[in-house]
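Engineer: Sending over a structure as structure tokens; questions will come in a sec.
The values are calculated or read from the model by the stated rules, or taken from the named source; none is laboratory data. What you see is a predicted model, and the numbers here were worked out from it, not measured in a lab. Reconstructed Cβ throughout: ideal geometry from the backbone, glycine too, with neighbour counts over all protein chains shown. For accessibility, only protein heavy atoms count, side chains too; no ligands or nucleic acids. Shrake-Rupley method; radii C 1.70, N 1.55, O 1.52, S 1.80 Å.
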Amino acid sequence: MAEISAQAVKTLRDKTGAGMMDCKKALQECGGDEEKAIGWLREKGLSKAQKRAGRATSEGVVGSYIHSTGKIGVMVEVKCETDFVARSDRFLEFAKNVAMQIAAANPVCLSAAEVPADLLAKEREIYKHQAMAEGKPEQIAEKIVDGRVKKFYKEICLLEQPFIKDDKVSIQDLLNELVGVIGENVQIGRFVRFALGEDAK
């Protein structure tokens, strides 16, 4: 195993918020390569996301983003368990990326569970009408409706949306990855998007 300096461990901890022993182990396993160590921590920790979901998140930051035109701005609350993690580069980068996502993709709510029932019912009715108008049988129409509802969620729910910098992963995937790396529960809370001339969302 490679000899790892205390400074290298500290630098990795500052970047990821992961525990000292985990950082040292990651660097040893990856021959001292910091980027590979970050990947190692991510792979090791993805399964931790589910286990940590119930932990209290009393620390965090309010991330913000102003578009270069100055006409769109976002504020988003991102919560974690400790102040140390809230100040880590990895956490702050995540908060900024989420704010940018909200600015670009304009989500209506955080998750599918928060979609208003009347809005969902209206969308399902529209999709069913479209499917029936295309001459689809009732059973097939229902499956088509379910598929279009999933697509609808990806458009309006922040956690379901494809990440603007990499559409192969969702915001939920990014969140799970962050939890795996830093070893704490992380939650996206309230958010608001301002666009010049529009009501805030």
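Engineer: Just to be sure I understand: with springs between alpha-carbon atoms less than 10 Å apart, which residue in Val108, Val169, Val74 has the highest mean-square fluctuation in the Gaussian network model of the chain?
Structural biologist: With Cα springs under 10 Å in the chain, the top fluctuation among Val108, Val169, Val74 is at Val169.
Engineer: Give me the extension gain from Lys36 to Val169: residue separation times 0.36 nm, minus the current Cα-Cα distance, reported in nm with one decimal.
Structural biologist: So the chain would gain 45.9 nm between Lys36 and Val169.
Engineer: Hey, what's the per residue convex hull volume over the C-alpha atoms of region 160-201, in cubic angstrom?
Structural biologist: 98 Å³
Engineer: So, for the chain, what is the accessible surface per residue at a probe of 1.4 Å, expressed in square angstrom?
Structural biologist: Heavy-atom SASA per residue in the chain reads 57 Å².
Engineer: So which aspartates and glutamates can Lys24 reach, going by Cα to Cα under 14 Å and dropping same-chain residues fewer than 8 places off?
Structural biologist: Glu3, Asp14, Asp33, Glu34, Glu35
Engineer: When you count, for each residue, the other Cβ atoms within 10 Å and take the mean per peptide, how do 76-84, 135-143 rank with the highest first?
Structural biologist: The packing order, highest mean first, is 76-84, 135-143.
Engineer: So what is the calculated 222 nm ellipticity per residue for the chain, using -39500 (n - 2.57) for each DSSP H run with n of 4 or more, over all residues, to the nearest 500 deg cm²/dmol?
Structural biologist: For the chain, the value works out to -16500 deg cm²/dmol.
Engineer: For the chain, list log₁₀ I(q)/I(0) at each q in 0.14, 0.17 Å⁻¹, using the Debye formula over Cα point scatterers of equal strength and ignoring solvent, two decimals each.
Structural biologist: Taking Cα atoms of the chain as identical point scatterers yields -0.87, -1.10.
Engineer: Next up: Taking all protein chains as present, what is the carbon and sulfur share of the accessible area of the chain, in % to the nearest whole number, probe 1.4 Å?
Structural biologist: Within the chain, the accessible surface is 52 percent carbon and sulfur.
Engineer: Need the list of aspartates and glutamates near Lys71 for cross-linking: C-alpha distance under 12 angstrom, and skip anything on the same chain fewer than eight residues off.
Structural biologist: Straight-distance partners of Lys71: Glu198.
Engineer: In whole Hz and in residue order, list the ³J(HN,Hα) couplings for region 73-88 that follow from phi through the Karplus curve 6.51 cos²θ - 1.76 cosθ + 1.60, θ = phi - 60°; x for Gly and Pro.
Structural biologist: So the J values, rounded to whole Hz, are x, 9, 10, 9, 8, 10, 10, 9, 8, 10, 5, 4, 5, 4, 9, 6.
Engineer: For region 51-158, just run the numbers: alpha carbon Rg, then divide by 2.2 N^0.38 Å, N being how many residues it has.
Structural biologist: Computed over Cα atoms of region 51-158, the ratio equals 1.45.
Engineer: Take His67, His129 and sort them by solvent-accessible surface of the protein heavy atoms, 1.4 Å probe, largest at the top.
Structural biologist: Greatest to least solvent exposure: His129, His67.
Engineer: Tell me which lysines have Cα within less than 20 Å of Lys143's Cα, excluding those fewer than 8 residues away on the same chain?
Structural biologist: Output for Lys143: Lys122, Lys128, Lys151, Lys154.
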